[in-house]
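Colleague: If you scroll down you'll find the structure; I have some questions about it.
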Amino acid sequence: AMTTVETRDWAQRLWRSVRKEAPPSAVAPRDTYSNDEIAGMLRTLGMAMLEAGQPVNIVGARLLAIASRYTTRTVRLAVLPTVIIVKVDTGRATEVDQTDRATVRLDQAGKIAEISDLAEAGAITPEDAVAEVCAVRELPRRFGAVTTIFGHVMATIGFGMMLNPTWAALPAYAF
């Protein structure tokens, strides 16, 4: 069950998405943060978006849009399905990361999208963006094992009944 705070947050997110409200304004002008901070944020957000199942071309384009809110320097990206490489101008190091995580759950993917939206508006500091993504990755599962398995069984039955809606096939879908 959702707490009152979670219900309120969910309702506010829903209301903002329905109204297509503009995101908050930028927290700082461009070139306020160091190249390394920006590269670290881009790497972390990029990996989170890839883990959420977003296509590499979308991730690359979105990261360039985010970078344009934080710096006027040249940003170089290489985005592959499990690897991301980021370099901001003459930064100390090139940020490279490889995912070894399974895809994230839908509740986590939604929160990652919110963080990305804030970053695209420049409305979150690089440090806060990285911290938020780390917090999202540590979120506990919303449902227990039994409920999750039951949900998967029901979804499988539903898909099976759409493909071959017969009583004889129903036990095969359930097991």
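Colleague: Looking at the stretch 140-158, which of its residues are touching a Phe, Trp or Tyr at 6+ places or on another chain (Cβ under 6 Å) and polar (S, T, N, Q)?
Modeller: Answer for the stretch 140-158, where residues must be touching a Phe, Trp or Tyr at 6+ places or on another chain (Cβ under 6 Å) and polar (S, T, N, Q): just T156.
Residues are listed down the side, and each one gets a yes or a no for (1) open to solvent by 40 Å² or more (accessible area, probe 1.4 Å); (2) assigned to a helix (DSSP H, G or I); (3) farther than 15 Å from R137 by Cα; (4) modelled with pLDDT of 90 or more:
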position	(1), (2), (3), (4)
A39	no, yes, yes, yes
L45	no, yes, no, yes
A61	yes, yes, yes, yes
I66	no, yes, yes, yes
I85	yes, no, yes, yes
G91	no, no, yes, no
V96	yes, no, yes, no
A102	yes, no, no, no
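Residues checked against (1) open to solvent by 80 Å² or more (accessible area, probe 1.4 Å); (2) farther than 15 Å from G40 by Cα; (3) modelled with pLDDT of 95 or more; (4) among the hydrophobic types (A, V, I, L, M, F, W, C):
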| residue | (1), (2), (3), (4) |
| --- | --- |
| T125 | no, no, no, no |
| A135 | no, yes, no, yes |
| L139 | no, yes, no, yes |
| G144 | no, yes, no, no |
| F150 | yes, yes, no, yes |
| A155 | no, yes, no, yes |
| G158 | no, yes, no, no |
| M162 | yes, yes, no, yes |
| P165 | yes, yes, no, no |
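Colleague: Also, quick follow-up: Is it fair to say F143 is over 18 Å from V59 (Cα atoms) and in a loop (DSSP other than H, G, I, E, B)? Explain how you work it out, then say what you get.
Modeller: Details: over 18 Å from V59 (Cα atoms): yes; in a loop (DSSP other than H, G, I, E, B): yes.
Judged against the criteria, F143 is a match.
Colleague: Criterion first (out of contact with any His (no Cβ under 9 Å at 6 or more places or on another chain) and free of Cβ contacts under 8 Å to residues at least 60 places away in the same chain) does L118 satisfy it?
Modeller: no
Colleague: If A129 meets every condition in (1) farther than 16 Å from D36 by Cβ; (2) out of contact with any strand residue (DSSP E or B) (no Cβ under 9 Å at 6 or more places or on another chain); (3) hydrophobic (A, V, I, L, M, F, W, C) apart from one, which number is that one?
Modeller: So the condition that A129 fails would be (1).
The values are calculated or read from the model by the stated rules, or taken from the named source; none is laboratory data. These numbers were taken from a predicted model, which means no experiment stands behind them. Ideal geometry is used to build each Cβ from the backbone, glycine not excepted, and the neighbour counts take in all protein chains shown. Ligands, DNA and RNA are stripped out before the accessible areas are found, and what is left, the full protein with its side chains, is counted by its heavy atoms. Shrake-Rupley method; radii C 1.70, N 1.55, O 1.52, S 1.80 Å.
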